[in-house]
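J.: Pasting a structure below so you can have a look.
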Amino acid sequence: MELQKFVTLFSEQFDNTPIDSFTPNTRFKELSEWGSLTALSIIAMVDEEMEVRITGSDIRSVETIEELFNLAKSK
């Protein structure tokens, strides 16, 4: 999977945040819509799309969408 596709899939997990808010450098935990349910959606999306299991600890260990993408790819 390429980074831009990951960013697009990531953005689809948010209902009210404008799509132009999402770039590889977006600090996703700073978005007003970010919360535990969104984190679970991201975990499920990564599992389904990349066939990789990430954890809440993995998400807490990164700051940007690109960092999460790189972490998932490394697994």
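The values are calculated or read from the model by the stated rules, or taken from the named source; none is laboratory data. Values in this document were obtained by computation on a predicted structure and should not be read as measured data. Positions of Cβ are generated from backbone atoms using ideal geometry, with glycine treated the same way; all protein chains shown enter the neighbour counts.
J.: Would you be able to say whether some residue in segment 15-26 is assigned to a helix (DSSP H, G or I), at pLDDT 95 or above and within 23 Å of residue 75 (Cα to Cα)?
T.: no
J.: Has segment 35-52 got at least one residue that is touching an Asp or Glu at 6+ places or on another chain (Cβ under 7 Å) and not in a helix (DSSP H, G or I)?
T.: no
J.: Any chance you could count how many residues in segment 4-14 are in a helix (DSSP H, G or I) and exposed (fewer than 14 other Cβ atoms within 10 Å of the Cβ)?
T.: Going through segment 4-14 one residue at a time, the tally reaches 3.
J.: Let me ask something additional. Return the pair list, or none, for Cβ contacts closer than 7 Å from residues in segment 36-57 that are of a type in the set (D, E, K, R) to residues that are assigned to a loop (DSSP other than H, G, I, E, B) and modelled with pLDDT under 95, at least 6 apart or on different chains.
T.: Close Cβ pairs (under 7 Å, with a partner that is assigned to a loop (DSSP other than H, G, I, E, B) and modelled with pLDDT under 95) amount to 49/1.
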